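Undergrad: Structure provided below as C-alpha cells; questions to follow.
The values are calculated or read from the model by the stated rules, or taken from the named source; none is laboratory data. These figures come from a predicted structure and were not determined experimentally. Neighbour counts are summed over all protein chains in view; Cβ atoms, including those assigned to glycine, are modelled from backbone coordinates with ideal geometry. With ligands, DNA and RNA removed, areas are computed over all heavy atoms of the protein, side chains included. Shrake-Rupley method; radii C 1.70, N 1.55, O 1.52, S 1.80 Å.
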Amino acid sequence: MYSEKVMDHFTNPRNVGEIEDANGIGQVGNAKCGDIMKMYLKIEDNIVVDAKFKTFGCGAAVATSSMATELVIGKTVEEAMKVTNKAVAEALDGLPPQKMHCSNLAEEAIAAALEDYRRKNGEAPNEAIDCTGCCCGCGHSHGFEEDSEEE
Ligand code: FES
C-alpha cells in the first residue's frame with residue numbers, strides 16, 4: 001500500500017521537534033479526525049535555513065510532513081510557497097489515493113508558517129490558506145486540492 005519512502009519517513013521521520021527561535025510558525029488541522037500539524041520555520045535572508053514539525057496524525061501525515069521539511073530547507077520563501085502537496089507526494093514515490101489528503105496537511109502547515117513569517121515582516125497575508133471546508137472529504141479545513149490539481 002505504501003512506498004518504501006513513505007515507510008522510511010514514517011518510521012524515521014526527519015526534522016521532528018520545535019525550533020525555539022522560529023520566525024514562522026503555522027498550525028493546521030482538524031480535531032474531527034484528530035490530525036494536527038505544527039510547522040516551525042527558521043528563515044534567514046529570505047532562505048528557509050531550518051524546518052521542524054510536530055504532528056498528531058496518521059502515518060501518511062507524518063511521512064508527508066517529514067518530506068515537506070526536507071523539500072523546503074534551502075529554498076527561498078517564494079520557492080517554498082510553491083511546494084505543493086503533489087510535489088511532496090511525488091517525492092515520496094506516491095501515496096494511495098485515499099491518503100492524498102494527508103499531504104495537504106503538510107502543504108497547508110508550510111503555507112501557514114510562511115504566512116506567519118510574511119505577516120511578521122509586514123507583508124500581505126496569503127489569502128490562499130484562508131480556506132474552510134475540506135474538498136476531499138477527510139474533514140480537514142484545508143483547501144489546496146484545486147490548486148494542486150491544476151499542475
Ligand atoms: Fe491522514 Fe487526515 S487521515 S491527515
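Undergrad: Compute, for M100, the solvent-accessible surface of its heavy atoms (probe 1.4 Å) with the complete set of protein chains present, and express it in square angstrom to the nearest 10.
TA: Spelled out: M100, probe radius 1.4 Å, area about 50 Å².
Undergrad: Ratio to report: Rg/Rh of segment 1-116, with Cα atoms as the point set and Rh obtained by the Kirkwood method; give two decimals.
TA: 0.94
Undergrad: Can you compute the charge dipole magnitude of segment 1-110 about its Cα centre, using +1 on each Lys and Arg Cβ and -1 on each Asp and Glu Cβ, nothing else charged? Give it in debye, rounded to the nearest 20.
TA: Working: 11 positive and 16 negative charges, 81 e Å.
Computed charge dipole of segment 1-110: roughly 380 debye.
Undergrad: Sticking with this one: Rounded to the nearest percent, how much of the accessible area of segment 1-97 (1.4 Å probe, protein heavy atoms only) is carbon and sulfur? All intermediate terms of the calculation are to be shown ahead of the outcome.
TA: Values: 2410 of 4730 Å².
Roughly 51 percent of what the probe reaches on segment 1-97 is carbon or sulfur.
Undergrad: Using the C-alpha gyration tensor of segment 83-127, what are the square roots of 5 times its eigenvalues, in whole angstrom, with the largest one first? Intermediate values should be presented prior to the final figure.
TA: On the way: eigenvalues 141, 16, 8 Å².
The three semi-axes for segment 83-127 are 27, 9, 6 Å.
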